[in-house]
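One structure below.
The values are calculated or read from the model by the stated rules, or taken from the named source; none is laboratory data. Source: prediction; values computed, not measured. Note that we place each Cβ from the backbone using ideal geometry, even for glycine, and neighbour counts take in every protein chain shown.
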């Protein structure tokens, strides 16, 4: 048996078809159509992925928000859902501020305020909980872009610095004390990173002052408070 293959002649119609296909592939329209098809498939995959994971992601975000909220607002203080009852308060100085009310038996016992200030690397967003007397229950940094290993001591996982504000209020210390030591205040700054703690202290002071301006409105949740 002869193992050598014999080249069979290609029919003319096959040659013509291959030639047309080669010419078509070299056209811009074909390349654009191919790229469009690939993009459509990728977009479809992303949409399907978003559809099937949206609820799980939302649930996880809710759990993370609740865990952070409980670090500043002890669950024993309230019997409502502060996240579900969150609203926005319009303030002349700070603009729109998100508020999480903590109620017990329908009465407001505390609020958590979401306040942002500008740090060295960008915005520093804090969650600051205050009781009805304006005393700080807790402070946590929700997000920041400060220098890792130098200014990230504002995170509770890296240092206890952020926990030292609990129990303080607008009059304790006096207004002049609400600054870092370098600026004549009572709060420590970090070596080589004064801007970051300065921004955090400023944000906390702003939250205290906002609470003082709107204490009655927060308790009553009037018309200018928007859900």
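Considering each of 150, 168, 205 in turn, give the residue that is modelled with pLDDT of 95 or more and touching a strand residue (DSSP E or B) at 6+ places or on another chain (Cβ under 9 Å).
Going through 150, 168, 205 in turn, the sole match is 168.
Selection within the stretch 153-165: residues that are outside any helix (DSSP H, G or I) and touching a strand residue (DSSP E or B) at 6+ places or on another chain (Cβ under 7 Å). The member of this set that is surrounded by the most Cβ atoms within 10 Å (Cβ to Cβ) is 156. So which residues in the stretch 171-194 are touching a strand residue (DSSP E or B) at 6+ places or on another chain (Cβ under 9 Å) and under 18 Å from residue 115 (Cβ atoms), if there are any at all? Those that are touching a strand residue (DSSP E or B) at 6+ places or on another chain (Cβ under 9 Å) and under 18 Å from residue 115 (Cβ atoms): 178, 179, 180, 187.
Taken over the stretch 171-192, the criterion of being at pLDDT below 95 and crowded, with 19+ Cβ neighbours inside 10 Å is satisfied by 189, 190. Checked against the criterion of being within 24 Å of residue 209 (Cβ to Cβ), in contact (Cβ under 8 Å) with a residue 12 or more places away in the chain and not in a strand (DSSP E or B), the stretch 103-112 contains not a single residue that satisfies it. Within the stretch 30-51, not a single residue is within 30 Å of residue 162 (Cα to Cα), part of a helix (DSSP H, G or I) and either in contact with a strand residue (DSSP E or B) (Cβ under 8 Å, 6 or more places away or on another chain) or at pLDDT 80 or above (or both).
Checked against (1) closer than 29 Å to residue 78 by Cα; (2) free of Cβ contacts under 8 Å to residues at least 12 places away in the same chain, residue 149 passes all but a single condition, namely (1). Residues that are more than 16 Å from residue 204 (Cα to Cα) and surrounded by 19 or more Cβ atoms within 10 Å (Cβ to Cβ) within the stretch 105-151 comprise 146, 151, listed in sequence order. One residue alone among 137, 205 is in a strand (DSSP E or B) and in the same structural domain as residue 87 (by TED's automatic domain parsing), and that residue is 137.
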